[in-house]
């Protein structure tokens, strides 16, 4: 009696895991019971591995991590489907419960709240100067300080990271906190370190298992044996403490009958207005504000800093491209005039180079997950409600069917026969659809002003002449160049 029951159990078990639960989903590698494809998927080689899955399984494929993640690897499909509300949700993430108490803020927020938080964020960013001279002038000023700081190195080998951390960090610091910090202030180094510790944990196998089984068992297991979670929680708490300290300071100094000084003031104004109108306060609370500031700081620093590090690395490795940029800037702008956004249309090769950096660098390893808000049929596949769906832009960026010689750094691919810059919609560094990055305008301005200013003022050489730094990457949530040294030689 026991043997038939035992065999029947295993037949049902394997039938469910290897066939039944996968029915209707796009194809993909066969998942193992309980853990799915977690141990098949190598995050450090995600770019090429996802491209191989695209080639093998088609425009859509499913990875089980261990729940189903449906990846979109075709640009036209992304453009079509991710405009729809049905693919604009966010999954309820156990990791976010652990770190900020749930799906709060602007990036991971779900239901109708994310629309109000996003709308408010866009409104405030616009009011405080995104796309206006006030913020452009702030970027120009930070660019000037960046040049002065690099000049102090006198051509000796340096690492770019601390320089651009402060330049980029001060812009978001001014927007959200209303002040800037000095270049020797360790604040940005400390907060970037803590963000990196937290972000790296998010793409780890442990994090995928937390999403499957919940964060409370993870906290219990941490008490039994140390697998690094305490370090991550400590870094996360350090970030939240900084944010809370600024909120507390603003609550003591805000003056409600004067214009808001920054994002925190504007949010406190909105909270007060809603309270006076007798409206529900759940959408705009201090906890939502804290989570939104967390989002703004991480998104406002990490991707822009990393893109600039990629850009200078490619300049060092591509002296002919570097010389061509110098020539364009010298002929059109000169070496003395401060570069501003009105110069952008005059520098097609600079723009082409920035776009090529964004294409080839693929800074975000796995794009921020969406989820379906209802059952939906896509290209004949039945995707249930609350399934994670990911528009994976890196697949498009490295697909030879989209870009010839995708592994080569070739800014000329974005210059037409008339020598004009061609903005290519297939290069998607800021996401797509209704969840696209709300800080895109700010990030584009920072990238142009900082990169063009650096190229105007310096030649970039390897630490040892003739010995090029390798394209070695650290791949976690973001794909960042491993630390490299270079020499910034002042152009005279």
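Values quoted throughout were computed directly from the atomic coordinates according to the rules given, and no laboratory measurement underlies them. A quick note: this is a predicted structure, and the numbers were derived from the prediction, not measured. Here the Cβ is made from the backbone with ideal geometry for all residues, glycine too, and neighbour counts use every protein chain on show.
Tabulated results
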read-out: Reported label for calculated Kirkwood radius over Cα pairs in Å given (1) 31.7; (2) 24.3; (3) 37.9; value: (2)
read-out: Expected-Rg normalisation [2.2 N^0.38 Å, Cα atoms] applied to the stretch 133-181; value: 1.21
read-out: Tilt relative to the chain, helix 215-224 - C-alpha long axis, 0 to 90 degrees, to 10; value: 90
read-out: Helix axis angle, 440-457 relative to the chain longest principal axis, alpha carbon, degrees; value: 40
read-out: Under the Debye formula (equal points on every Cα, no solvent term), log10 I(q)/I(0) of the stretch 157-276 at q = 0.14, 0.15, 0.17 Å⁻¹; value: -0.81, -0.87, -0.96
read-out: For peptides 55-63, 240-248, 449-457, sequence by mean Cβ density within 10 Å, most packed first; value: 449-457, 55-63, 240-248
read-out: Centroid-to-centroid separation of the stretch 406-474 and the stretch 101-126 [C-alpha atoms, Å]; value: 28
read-out: Sorted peptide list for 372-379, 96-103, criterion being average Cβ within 10 angstrom, highest first; value: 96-103, 372-379
read-out: Sorted by Cβ neighbour density within 10 Å, fewest at the top, the residues 397, 461, 123, 40; value: 123, 40, 461, 397
read-out: Burial order of peptide ranges 428-437, 328-337 (average beta-carbon count within 10 Å, highest first); value: 428-437, 328-337
read-out: Folded to 0 to 90 degrees: helix 111-127 orientation relative to the chain principal axis, Cα; value: 0
read-out: Where N is the number of residues in the stretch 233-297, Cα Rg divided by 2.2 N^0.38 Å; value: 1.16
read-out: Estimated [θ] at 222 nm from DSSP helical runs (n ≥ 4, -39500 (n - 2.57)) normalised by residues in the chain, nearest 500; value: -17000 deg cm²/dmol
read-out: Residue exposure sequence - 273, 23, 324 - by fewest surrounding Cβ within 10 Å; value: 23, 273, 324
